[in-house]
1. Answer with yes or no whether residue 71 is β-branched (Val, Ile, Thr), at pLDDT 85 or above and within 21 Å of residue 141 (Cβ to Cβ).
2. Suppose we keep only residues that are touching a strand residue (DSSP E or B) at 6+ places or on another chain (Cβ under 8 Å) and among the charged types (D, E, K, R) within the stretch 46-62. Which one would you say is farthest from residue 73 (Cα to Cα)?
3. So residue 100 ticks every box in (1) modelled with pLDDT of 95 or more; (2) surrounded by 12 or more Cβ atoms within 10 Å (Cβ to Cβ); (3) touching a helix residue (DSSP H, G or I) at 6+ places or on another chain (Cβ under 8 Å) but one. Which box is left unticked?
4. Report whether or not residue 91 is crowded, with 18+ Cβ neighbours inside 10 Å, within 17 Å of residue 143 (Cβ to Cβ), under 17 Å from the mean Cα position of the chain (by Cα) and at pLDDT 95 or above.
5. Being out of contact with any Pro (no Cβ under 6 Å at 6 or more places or on another chain), on the phi < 0 side of the Ramachandran plot and surrounded by 15 or more Cβ atoms within 10 Å (Cβ to Cβ) is the requirement here; does residue 41 meet it?
6. Determine which single condition residue 66 fails, assuming it passes every other condition in (1) of a type outside the set (Asp, Glu); (2) under 15 Å from residue 133 (Cα atoms); (3) under 14 Å from the mean Cα position of the chain (by Cα).
7. Is it true that residue 78 is outside any helix (DSSP H, G or I), of a type in the set (A, V, I, L, M) and under 13 Å from residue 133 (Cα atoms)?
Amino acid sequence: MPRILKLTLTGALLALLAACTSSSHVLVGTARPAIAPDQVKIYYEPPPKYEQIATLDASSGSMSFSDQGKTDQAIARLKAEAAKLGANGILLQGVEKQHSGSIGLGVGGASFGGNSATGGSVGGSSGLYSKDAKGLAIYVPDAP
């Protein structure tokens, strides 16, 4: 396999690894039986009465092309993590754009013969970004 192809494939693999997603939690209360993620409601202001279950962190990865798509992915991951803990709500604390890596590609060529040589190359790179979301997994009694 040509060296340039090996380097290109290695770069693509590293970009995919940079796009990996994650979510985590830290219990601050008592977990409940798991529920479906679509039953988890997002709150932007604290409801009148709730129980704290866990702090949550989630990342979108960088595979979506729009900021809105990345935000939606991060919030979906928050909901999935909260649902595992039986939380029926998330008090959203923020969503931030994070630099998660970069990808670059370059090609070049050269020829020579006699008394002359020519060469040229072209290259480029782009940053990879993800959205990181933070929230508090909560249980809201009598939630709609």
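1. Numbers: β-branched (Val, Ile, Thr): yes; at pLDDT 85 or above: yes; within 21 Å of residue 141 (Cβ to Cβ): no.
No, not satisfied.
2. If we filter the stretch 46-62 for residues that are touching a strand residue (DSSP E or B) at 6+ places or on another chain (Cβ under 8 Å), which is where we start, we get 46-47, 50-62.
So of that shortlist, the ones also among the charged types (D, E, K, R) come out as 51, 57.
Numbers: 51: 25, 57: 12 Å.
Applying the filter and picking the extreme gives 51.
3. For residue 100, the exception is condition (1).
4. no
5. Details: out of contact with any Pro (no Cβ under 6 Å at 6 or more places or on another chain): yes; on the phi < 0 side of the Ramachandran plot: yes; surrounded by 15 or more Cβ atoms within 10 Å (Cβ to Cβ): yes.
The answer is yes for residue 41.
6. So residue 66 meets the others, but not (2).
7. On the way: outside any helix (DSSP H, G or I): no; of a type in the set (A, V, I, L, M): yes; under 13 Å from residue 133 (Cα atoms): yes.
Here the answer is no, as residue 78 does not meet what is asked.
The values are calculated or read from the model by the stated rules, or taken from the named source; none is laboratory data. Note that the structure is a prediction, hence the values are computed from the model and not measured. Using ideal geometry, Cβ is built from the backbone for each residue, glycine included, and neighbour counts are taken over all protein chains shown.
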